[in-house]
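Before anything else, here's the structure in question.
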Amino acid sequence: MARKKQIPYTREELFASGSPHIYTGRSLDEIAFPLGGIGTGSVSLGGWGQLRDWEIMNRPAKGRTMPNAFFCVRVVEPGEAPAVKTLQGPAGGTHRNGGHSAHRDSGEGLPHFRECVFRGEYPVAEVELSDSDFPVSAKLVAFNPFVPLDAEASGLPMAVLLYTITNHSSTPLKVSVMGNLTNIVGEEEGRVNASRKSDALQGLLLSTRKYAKDHPRYCEIVLATPAEDSWVWPQWHDSRILKFWEAVAWSEQWPPKRHGSSTSGTVGADFELEPGRSVTVLFLLTWYFPNYEYWSKADDAEHGPTWRNWYATRWQSAWEVARYAWHNFDRLLGDTRLFHQVLFSSTLPTHVLDAVSSQISILKTTTCLRLEDGTFYGFEGCGDTYGCCEGSCTHVWNYAQALPYLFPDLQRSMREADWANSMLDDGFVCFRMPLPLGTKGTDRFHPAADGQMGTVIQVYREWLICGDDEWLRRLWPKARQALEFAWKYWDTNRDGVMEGMQHNTYDIEFYGANTMVGSLYLAALRAAEEMARHLGEDGVADEYHRIFEHGSRFSDERLFNGEYYEQIVNPRAYEPWPAHLREMSAAYGKDDRFPSWPKWQFGKGCLSDQLLGQWYADMLGLGSLYRRANVLQTLQSIFRYNWRADLTDHFCSLRVYALNEEAGLLIASWPRGERPGYAFWFSDEVWCGIEYQVASHLIYRGLVEEGLAIVKGVRDRYTGERRNPWDEFECGHHYSRSLASYALLTALSGFSYSAPERRMGFAPRVSADDFRVFFSVASGWGTYAQRLDERGAALSLAVARGSLELRELTAAIEVVGRVSARVGNRRVKAEAERTDEGVRVRFSEPVTIREGEALRVRLSE
């Protein structure tokens, strides 16, 4: 059967910039926009304004609702009875189906607004609600503070909800906005609802008296507002929604005061609203579940190992979190809006901004933890009720590129903890760091060759981003150990080719030479060479370079088939390994088509990940690991053979992540035939993280349309109708591999940076004549912009937060001649020279760009 058109999108569809998708109708059904801090858990904002997926209790909890948890508005017109609506649009999606009853915990059965529009530009969500026969409209702005480089501000266990009510009638109105919660902390026995007031805040405190503060079940939830005319109804008369409705919609007494035994309570704010005017009411939803209980425990233990969440070392209660948030609200809101503004002012294609922004939300979900000392830790993803595949898994987090740039201190903490706890004396690295922190890894299972080589490259990346030589010196001995472990089992003859048995991210072992793991090895050698030279170890650097050169030549001469790189299967690749690991791999058995092979090889297949190390090398300026023409041809082949514009006729034998008319990139294909009888088990699947890796790599090598087509194919699958746009899943929700999407930003902007050399560069691959993009490094973040016209080029680097020190700025433009430079009102001496890539502007002295300042460079012929 003939393949359908390779790229079914127009150039306008691929390159159009502007606001991401606006969600209405059925596209609201699957939306769950995470609201929570890094390592705090989250509650999600649903598509019609409801709160869903209450994952604040140190566990994933997909589908978990809180009874009677909803916001509503009460409106009284002169001489009329009160009118009340939930601050939600029409319930839809799975909430229509419930067997005995449709879901009702979020107020689904109550009057609501007829029109609903959802805008999600992470980290900020907006819900607009209107109804032609209701006198007010409502707009909700929801977020959790997200401030690059500020892990504390970005680690608050909190959701911010700002409701703006507008009077569209011709008469003054009495309006009340109410938020309702139910106490679900601890166990039913011992739950306490209380009103609390301090400073300008008044709120509802839900707690438990049954457990001490150091017990795993101790917890608190707060809903608070600083509104002037606010009130708290800590306990409804009873928990039936009927009695709540009687009190707010049918009773003349206001505000409601009849207390009872219910664990549901309300926080409200009253105000008078003139015609045409608006008022905004702030609610702070905070939580405090300080003690993280690990679910792996001894049979006779009451509970598993327990440690404090990092946020519990910083704040002592949910009320303290609320007070901190209120006292710092202007800063938290301002910095979050500034980040949002800078990110979304980028002139990148819409679906790229959507991919980048939506997937950084992973950092704010239960996929990610912050351990007691602040160490960042990640699962691969999370199941409905548990963390999925633990241990900051090196072969999955290998793909993630957002954390190193947005929160580089957290990224470095991950690397330090991993090697401190997972590395054995000989350099063997357990690719899943065990918990609790301080537990040492073992050699009971294979080390991951791809993940282990990736960690070496990441040390180089982190050093480029932060420029901290002392940090590099501390990590360097372990970086050498991790790299040189390859010589013990994977590359025993030190020829730059991994012929040994290589466990990898497909959860199997490749036997023999291949470039999926091999390219990571070569990139690690190149990264280690650069670090060794910087540290004055030239002999070590020379040895790494020699091995690299040989491995590169071998791969081009022996593995490249004219279209892409193949695998040379080595059935005896297990021989150097200890017996228990040999037996573990041999237990899979033999391939039935190639009887001398073990199962799960790819042989002559075209692997989408076959240039994974070259992707890293292109991001970090390490040069070509293979012949440039071969790399380009291979990327073209990956797109030609593995990307499907329509999966209707695709056979997938295992897990299905894309289907029907959707587009997707297969992990592997066999365009030349000779597919093994037992090809590795995930080969027919579609993984978003690999799609982003390949897409950004295509862009780096100039195949921009192909790269953008893959990205559009991914995001067209996540439109809210079938899947949640803020939950790309693989082996679990919020799968960390999708953090590879950040590389789309660096690829399309041609971003490069070296803090040690104080050098930054850009080479835009879209909208080069009028280009803007967000950047972030360890010292500061902001915007790069360039504008080209007949008079020359205007370049600018504006620092929004932090600072930036540069000796050199490079740009992929052709204008070289007279140069002038300023930082604010200060002139800066500079000279420009042409390079193979464009122009290099050198400053006579290092230039410091402080917060709120911009470096402006003008180049003219």
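The values are calculated or read from the model by the stated rules, or taken from the named source; none is laboratory data. The shown structure was predicted, so the numbers you read here are calculated from the model rather than taken from an experiment. Counting neighbours? That spans all protein chains shown, and the Cβs are built from the backbone with ideal geometry, glycine included. Keep in mind that these areas ignore ligands, DNA and RNA; they rest on the heavy atoms of the full protein, side chains included. Shrake-Rupley method; radii C 1.70, N 1.55, O 1.52, S 1.80 Å.
Students often check this: by mean Cβ neighbours within 10 Å, which of 46-54, 273-281, 404-412 ranks highest, and how do the rest follow?
Those peptides, ordered most packed to least, come out 46-54, 404-412, 273-281.
Take every DSSP beta bridge whose two residues both sit in the chain, then give the antiparallel share in percent to the nearest 5.
Of the beta bridges lying entirely in the chain, close to 95 percent run antiparallel.
Using the Cα centre of segment 28-96 as the reference point, and only Cβ charges (+1 on K/R, -1 on D/E), how large is the resulting charge dipole? Debye, rounded to the nearest 20.
In total the dipole reaches around 240 debye.
With every protein chain left in place, what is the accessible area per residue of segment 751-861 in square angstrom, probe 1.4 Å?
Value returned for segment 751-861: 48 Å² of accessible area per residue.
Could you work out the relative contact order of segment 448-504, using alpha carbon pairs under 8 angstrom and six or more residues apart, expressed as a whole percent?
43
What dipole magnitude, in Debye to the nearest 20, does segment 559-603 give about its Cα centre under +1 on Lys/Arg Cβ and -1 on Asp/Glu Cβ?
Computed charge dipole of segment 559-603: roughly 160 debye.
I need the phi-derived Karplus couplings for segment 156-170: 6.51 cos²θ - 1.76 cosθ + 1.60, θ = phi - 60°, integer Hz, Gly and Pro marked x.
Working through the residues one at a time gives 7, x, 6, 10, 9, 10, 10, 9, 10, 10, 10, 8, 9, 8, 9 Hz.
I would also like to ask the following. Quick one: with all protein chains in place, what share of the accessible area of the chain is carbon or sulfur, to the nearest percent (1.4 Å probe)?
Summing carbon and sulfur atoms, their accessible area is 46 percent of the total for the chain.
Using the per-residue mean of other Cβ atoms lying within 10 Å as a proxy for protection, in what order, highest first, do the peptides 725-731, 612-618 fall?
612-618, 725-731
Identify all lysines with a Cα-Cα distance to K590 below 21 Å; exclude those on the same chain that are fewer than 8 residues away in sequence.
Partners within reach: K599, K604.
Still on this structure, I have one more. Take the alpha-carbon centre of segment 306-363, take the same for segment 473-551, and report the distance between them in whole Å.
For segment 306-363 versus segment 473-551, the Cα centre distance is 37 Å.
Report the FRET efficiency, 1/(1 + (r/R0)^6), for D300 and D426, where r is their Cβ-Cβ distance and R0 is 35 Å, rounded to 0.05.
It comes out at approximately 0.50.
Between K590 and E77, what length in nm is gained on full extension when 0.36 nm per residue of separation is reduced by their alpha carbon distance?
Value of the extension gain: 176.8 nm.
Here's something else I'd like to know. In the set (1) 36; (2) 26; (3) 48, which value of percent of Cα pairs over 47 Å apart was calculated from the structure you see?
Correct label, based on the coordinates given: (2).
Could I ask something else about it? Would you work out the relative contact order for the chain, in percent, from Cα pairs under 8 angstrom that are 6 or more residues apart?
After rounding, I find 11 percent.
Same structure again: Quick one: Karplus J couplings for segment 249-258, per residue in order, coefficients 6.51, -1.76, 1.60, θ = phi - 60°, nearest Hz, x for Gly and Pro?
Values, residue by residue: 10, 10, 9, 7, 6, 8, x, x, 10, 6 Hz.
Can you give me the solvent accessible area of E837 with a 1.4 Å probe, rounded to the nearest 10 Å²?
140
Now for a separate question. Please sort by residue number the trypsin sites (Lys or Arg not before Pro) in segment 209-263 whose DSSP state is loop and whose Cβ has at most 11 other Cβ atoms within 10 Å.
R209, K257
Next question. At 1.4 Å probe size, with every protein chain present, just tell me what the per residue accessible area of segment 82-216 comes to in Å².
Here the per-residue accessible area is 38 Å².
Calculated from DSSP H runs of 4 or more alone, at -39500 (n - 2.57) each and per residue, what is the 222 nm mean residue ellipticity of the chain, nearest 500?
-7500 deg cm²/dmol
Moving to a separate point now. If you take the square roots of the eigenvalues of the alpha-carbon gyration tensor of segment 390-444 and sort them as a ≥ b ≥ c, do you get rounded (a/c under 1.5), prolate (a/b over b/c) or oblate?
prolate
Looking at segment 711-842, what % of its DSSP beta bridges pair antiparallel, to the nearest 5?
Counting DSSP beta bridges with both partners in segment 711-842, the antiparallel share is about 90 percent.
Using the Cα centre of the chain as origin and beta-carbon charges of +1 (Lys, Arg) and -1 (Asp, Glu), tell me which of V342, G677, S519 is placed farthest towards the positive end of the dipole.
Of the candidates, V342 comes out farthest on the positive side.
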